[in-house]
Amino acid sequence: MAWTSRLITIAVLITLMGCFTGAQGNYRRPTRVGVSCCKEVSKGRIPATIKLIGYKNQNALSPCVDAIIFYTEKEKFCSDPKALWIKKPSERYNSNINI
């Protein structure tokens, strides 16, 4: 009888471990993260009167598209990296900004 009580104890411990492990798996679900990126771009020039404070290159990863994001103090402009005018404004900044 001693071995049956040990077997029952081991079975109970394994069951409890399974319950705690299963509860932990449900607790660690990933949270939803909103996507904030350029989904379309413009080939138009940004007016010279708008003060740019920086830029960032964005790679295409669905739903985002390849873009150069120019930042002002209040907004951002999604520009086509293949547009002819892009190289000159982006040369003003020697590093990407972190927003």
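The values are calculated or read from the model by the stated rules, or taken from the named source; none is laboratory data. Here the structure is a predicted model, which means the values were calculated and not measured. All accessible areas refer to the heavy atoms of the entire protein, side chains included, with ligands and DNA or RNA removed. Shrake-Rupley method; radii C 1.70, N 1.55, O 1.52, S 1.80 Å.
Taking amide H positions as modeled 1.01 Å from N, with prolines and chain starts lacking one, the residues under 5 Å from C38 and 5 or more places away or on another chain are V65. The candidates L52, L13, arranged from most to least accessible area with a 1.4 Å probe in the full protein assembly, appear as L13, L52. Listed by chain and number, the lysines placed with their C-alpha closer than 21 angstrom to that of K51 are K43, K74, K76, K87, K88; residues fewer than eight positions away on the same chain are left out.
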